[in-house]
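Below is one structure, written out as structure tokens, with a few remarks after it.
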Amino acid sequence: MGSKQTPAGPARRHLPGLRAAVLAAGLVLAAGCGIIGGSGTPEESAGGTPAPGSSGAGGAPGGPVKRGGPYNADQLAEALKAPIPKLVPTHDITKGRFGGLQVALDAIDPNTIPPEVKVTPAKCKAAIWSGPGKQALANSPAAFVQFGDPEASNQSEPAVFAWSVLIDAAGKDPKSALGKRAEGCSRIRIGYQGVTTTLAEQPAPEIGTGARATILSTSDGSSPRTWIVTYAGNGYIGEVLVQGPAKRAQVNAIATAAAQKAQQTLG
């Protein structure tokens, strides 16, 4: 997969603690997953397969867009080409089936959290939400891209990175990706071996046909704070992840720019 050259060259960013991942052994909630990294094609790196209609990196666009979908991976990739305030794309867009992309593999699935992991409040385990779930969208065409600060290499302070994701929602209700809120569960703590991952619900920007936002943070400070904003569109689902010292206004501006481009391109 090729790389884009930016003025100061923000690097491909590994995303420790983007969303706590239940490891294959089923015993540990690990902060340390990376959305991007590895070698080979995007699909090979993530263990997935190319999505229908995807021409691969550098291929032709995926044909005329039908408002409301279904959308193929190339069409979704075109809709990711939005100017993001203060950030620039750092690498080529990654395309594939959503279930095979690392951005899906890193999501928290409350159904697979083992009993050794403590969820507080306990009644909120089923209400854990950290963006679109892999199960329902595993075979859906999807695409995502990373953005970084072009001045990052000239700064001593932590930089802001963002990821924009689009997923085809053909035959599904896009709003289902927003999950179901439960009373008393706006702040959920997930603990294991002395480290706590906190999901704190936030006011979402008014984008798409509905949106939801949360902040993920870890108690030991090993991972930068990450904002997760998911929005429903016309036959598609969008997600924006922002990591680093970003304020709410910047997060909302990034999510709004991404959602507006998606609406202009896809409907």
query: Working out 0.36 nm times the residue gap between LYS86 and ARG248, then minus their Cα-Cα distance, what length gain in nm do you get to one decimal?
result: 56.9 nm
message: Cut-off is 10 Å between beta-carbons; in what order do SER140, SER219 appear when sorted fewest neighbours first?
response: SER219, SER140
- line: The alpha-carbon center of the stretch 216-267 and that of the stretch 108-163 are separated, in whole Å, by 11
- request: Would you mind calculating the gained length between ARG181 and GLU116 on full extension (0.36 nm times residue separation, minus the Cα-Cα distance), in nm to one decimal?
  value: 21.0 nm
- prompt: Between ASN234 and GLN264, what length in nm is gained on full extension when 0.36 nm per residue of separation is reduced by their alpha carbon distance?
  reply: 9.7 nm
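For the residues TYR192, TYR236, what sequence is obtained by ranking on other C-beta atoms within 10 Å, fewest first?
Going from sparsest to densest Cβ surroundings: TYR192, TYR236.
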- prompt: Which FRET efficiency value, to the nearest 0.05, is calculated for SER222 and ASN154 with the Förster distance at 30 angstrom and r the Cβ-Cβ distance?
  reply: 0.75
query: Can you run phi through the Karplus equation (6.51, -1.76, 1.60; θ = phi - 60°) for the stretch 156-171 and list ³J(HN,Hα) in whole Hz, with x for Gly and Pro?
result: 8, 7, x, 9, 8, 10, 9, 10, 10, 10, 10, 10, 5, 10, 4, x
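Coordinate-derived values only; no laboratory data. Owing to the predicted nature of the structure, the values given are computational and were not obtained by experimental measurement. For neighbour counting, all protein chains shown are included, and Cβ atoms are generated from backbone atoms with ideal geometry for every residue, glycine included.
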